[in-house]
1. Would you mind getting me the FRET efficiency between Leu159 and Thr43? Use the beta-carbon distance for r and R0 = 25 Å, nearest 0.05.
2. For Ala140, put the label point 7 Å out on the Cα→Cβ axis and report which residues of region 169-184 keep their amide N under 19 Å from it.
3. Along region 195-209, what does the Karplus equation 6.51 cos²θ - 1.76 cosθ + 1.60 (θ = phi - 60°) give for ³J(HN,Hα), rounded to whole Hz, x for Gly and Pro?
4. Counting only residues 5 or more places away or on other chains, whose amide H sits under 5 Å from the amide H of Asp109 once H atoms are built in the peptide plane?
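Any read-out appearing in this document is the output of simple, stated calculations on the displayed coordinates, not a laboratory observation. No experiment lies behind these values; they were computed from the predicted model shown. Cβ coordinates were reconstructed from backbone atoms using ideal geometry, including for glycine residues, and neighbour counts include every protein chain displayed.
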Amino acid sequence: MKKVKLIIVAVAILSLVSSSSVYADGFAPGEGLYLGAFVGGDTGFVQPKVTTTAATVGTGGVADHEAGTFEATEGGLGLKGYQAGGWIGYGYKMGDLYAGLEGELSGGDAEFKLTSTVDITVAGGNGTADSQASRSYDIAAGTVVSAKKEWTGGMFGRLGYYINPQTLFAIRGGVLVSKFDVKYGTAYQENFYGGGPSIGASLESTIAAIDPNLSLRMDVVFTDYLTAPVSGIGTLLNAEDANGSSNSEVTGSSMSARAGLTYSFFDVNSLF
């Protein structure tokens, strides 16, 4: 029985060795199982929208606020910063064509900040003391509102074409999800998660002078975060207040450009 086990182990080792021998001249870019790391720039913007309905509160029936809509219809609040992370994937080379699956995870410091040189008091209105409108929130001078994209991750399908044996052009489509840390002054903080469809394009070339399985990759990625409701930041009610008189939502998107290295090291076909 022990001899049988030793034979199985020996066959497995020989398979891996033969795989390395077969690809001694190197994998094509993106071919087989690969790992990679990248750095780049990350930009984006968010477009807030707040819709209110007229409301009267308090014992005196004093108007809290009038009906209206506040919306950033052109442009928005911009985010910018760096991004760094990694890829893991598997790809098939089919002549000049390519197909594969890929996952990525990254972190960075892309954010926007709104600042003030004076203290700000956010008042709910001029209602009486027994009303929600009588609340006020003091925001100290400095950063009034900030939002930082802490991490992003997702899965993609890839399709490509080999311009030559050492160069792959590929497009990809999938879904990315990001975690945002939103702060209102220093007293109110909340984490939000946004996700949506993402597309990208990449150009990848073998660095044969260093290693035939190593490739340099450059890509761009666009993500649409769709529209998400915002119900509050920490204990600060700013969307679904006690009167149900306002609704807030945020729409956003991001664009990143990265450069990185990938290394292919295993082909499942070598096992058969």
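1. After rounding to 0.05, the efficiency reads 0.45.
2. Backbone N within reach: 182-184.
3. Per residue, the Karplus-derived 3J(HN,Hα) values read x, x, x, 9, 10, x, 9, 9, 10, 9, 10, 5, 9, 5, 5 Hz.
4. The list, which skips near neighbours in sequence, is Tyr82.
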